[in-house]
Amino acid sequence: MQVEEELARLSPQRDMLLSIGVFDGVHLGHRYLLSRLVEQARGEGLLSGVITFREHPREVLSPGTGLPYLTTPEEKTDLLRRQGVDSVVTLSFTPELARLPAREFVLLLKRHLRMRGLVIGPDFALGRGREGDAETLRKLGQDLGFSVTVISHRVIGGEVVSSTAIRSTLADGDMTRVTRLLGRQFRVGGPVVTGTGRGKGLGFPTANLGINGRHALPPDGVYATWTHVDGYSYPSLTNIGANPTFGENKRSIEVLLLDYEGNLYGRELQVDFVRRLRDEKRFDSVDELKRQIAVDVEQGKAILSAEQPPDGGMT
């Protein structure tokens with residue numbers, strides 16, 4: 001069984017307190033739960049551990065849903081480790097795992113991870129048909145010898161923080177609200193790939209960012225952003241769209257670094273979205289487009305001058 005093979009790769013030296021979930025985005029709700037996990041584990045002399053999944057269960061249970069993710073698996077693992085947990089275990093969510101009864105999954109956790117307790121959210125459930133909700137898990141815990149702690153939702157401004165809420169807010173382009181729910185600015189990253197070179201001809205050389213097509217993105221438009229490269233952070237503008245002024249129809253991500261000189265081809269960029277400046281639009285002439293870009297640059301500089309660059313590099 002694949003899940004058992006993956007669990008067997010970790011051999012904890014002490015009993016563990018675990019939390020299980022997709023943790024897409026590792027947002028403020030996740031971070032609140034994980035802080036309680038770490039606190040409780042330390043108080044009980046246990047190791048703290050997080051079990052997460054490479055695939056979103058919804059993709060396996062409902063093929064073709066195409067759910068966009070807020071963080072890549074690598075970003076998610078890094079963010080989870082930053083919360084102070086002792087171990088992060090990434091499992092493959094397969095049809096076989098989806099069919100596993102809650103009791104059998106719990107027994108695997110006890111056998112391979114020395115689980116002594118679970119810390120979960122109020123809507124959490126595991127096992128076949130989501131049979132292992134909080135009440136069922138408490139009964140299993142009494143039988144098998146582990147605790148279950150349920151942590152309430154994190155609420156900000158009357159809204160429950162969730163990955164679904166963040167995806168919806170991101171789709172609206174409200175980057176200020178996305179930042180508030182995530183607890184940090186929304187980030188996309190990838191290598192610089194060859195573009196048309198048109199930006200250089202306009203006097204505003206841009207870097208075309210290649211990212212995984214499954215990554216969530218804000219709507220088409222122009223954004224004030226911070227771009228991180230080689231340990232440094234630069235104010236930037238980022239355009240998402242299809243360049244309608246030039247009759248193109250292929251969506252791209254173009255980044256204009258405002259204080260950078262040098263060749264970026266092949267380099268890895270990380271782009272943090274701060275504020276949406278405007279919709280993408282078609283201009284009647286190249287000169288009109290150039291004038292608008294100059295306005296965008298000044299507006300972006302004004303916004304970013306009042307912001308500290310996020311964690312990711314030095315200015």
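The values are calculated or read from the model by the stated rules, or taken from the named source; none is laboratory data. This one's a predicted model, so the numbers in the text were calculated from it and none came from an experiment. So basically every Cβ, Gly included, is an ideal-geometry build from the backbone, and we count neighbours across all protein chains shown.
Brief remarks on what is shown
- Here residue 78 passes the criteria (1) without any contact (Cβ under 8 Å) to a residue 40 or more places away in the chain; (2) surrounded by fewer than 19 Cβ atoms within 10 Å (Cβ to Cβ); (3) not in a helix (DSSP H, G or I) except the one numbered (3).
- In region 265-289, the residue that is surrounded by the most Cβ atoms within 10 Å (Cβ to Cβ) out of those that are among the hydrophobic types (A, V, I, L, M, F, W, C) and more than 20 Å from residue 185 (Cα to Cα) is 289.
- All positions within region 69-84 that are closer than 16 Å to residue 53 by Cβ and not charged (D, E, K, R): 69, 70, 71, 72, 73, 77, 79, 80
- Those residues of region 226-255 which are touching a helix residue (DSSP H, G or I) at 6+ places or on another chain (Cβ under 8 Å) and modelled with pLDDT of 90 or more, in sequence order: 226, 235, 236, 237, 254
- Test for residue 75: is it acidic (Asp, Glu) and either at pLDDT below 95 or under 30 Å from residue 213 (Cβ atoms) (or both): yes
- All positions within region 1-39 that are more than 30 Å from residue 165 (Cα to Cα) and among the small types (Gly, Ala, Ser): 8, 11
- Of all the criteria given as (1) surrounded by 16 or more Cβ atoms within 10 Å (Cβ to Cβ); (2) among the hydrophobic types (A, V, I, L, M, F, W, C); (3) on the phi < 0 side of the Ramachandran plot, the one not satisfied by residue 61 is (1).
- Test: residue 189 is buried (at least 19 other Cβ atoms within 10 Å of the Cβ) and at pLDDT below 95: yes
- Test: residue in region 105-126 that is small (Gly, Ala, Ser) and either in contact with a Lys or Arg (Cβ under 9 Å, 6 or more places away or on another chain) or assigned to a helix (DSSP H, G or I) (or both): no
- The one condition in (1) crowded, with 20+ Cβ neighbours inside 10 Å; (2) more than 12 Å from the chain's Cα centre (by Cα) that residue 172 fails to fulfil: (1)
- When residue 26 is tested against the conditions (1) at pLDDT 95 or above; (2) at negative phi, the lone failure is (2).
- Residue-level analysis places residue 292 outside the set of residues that are closer than 22 Å to residue 210 by Cα and either in the same structural domain as residue 212 (by TED's automatic domain parsing) or modelled with pLDDT of 90 or more (or both).
- Filter result for the condition that a residue is modelled with pLDDT of 95 or more and touching a Gly at 6+ places or on another chain (Cβ under 8 Å), over 47, 80, 107, 118: 118
- Candidate set: region 28-75, residues that are among the polar types (S, T, N, Q) and not in a helix (DSSP H, G or I); chosen: the one farthest from residue 146 (Cα to Cα): 65
- Region 84-104, residues that are in a helix (DSSP H, G or I), among the small types (Gly, Ala, Ser) and closer than 16 Å to residue 22 by Cα: 98
- Selection count where residues are assigned to a strand (DSSP E or B) and of a type in the set (S, T, N, Q), scope region 135-188: 2
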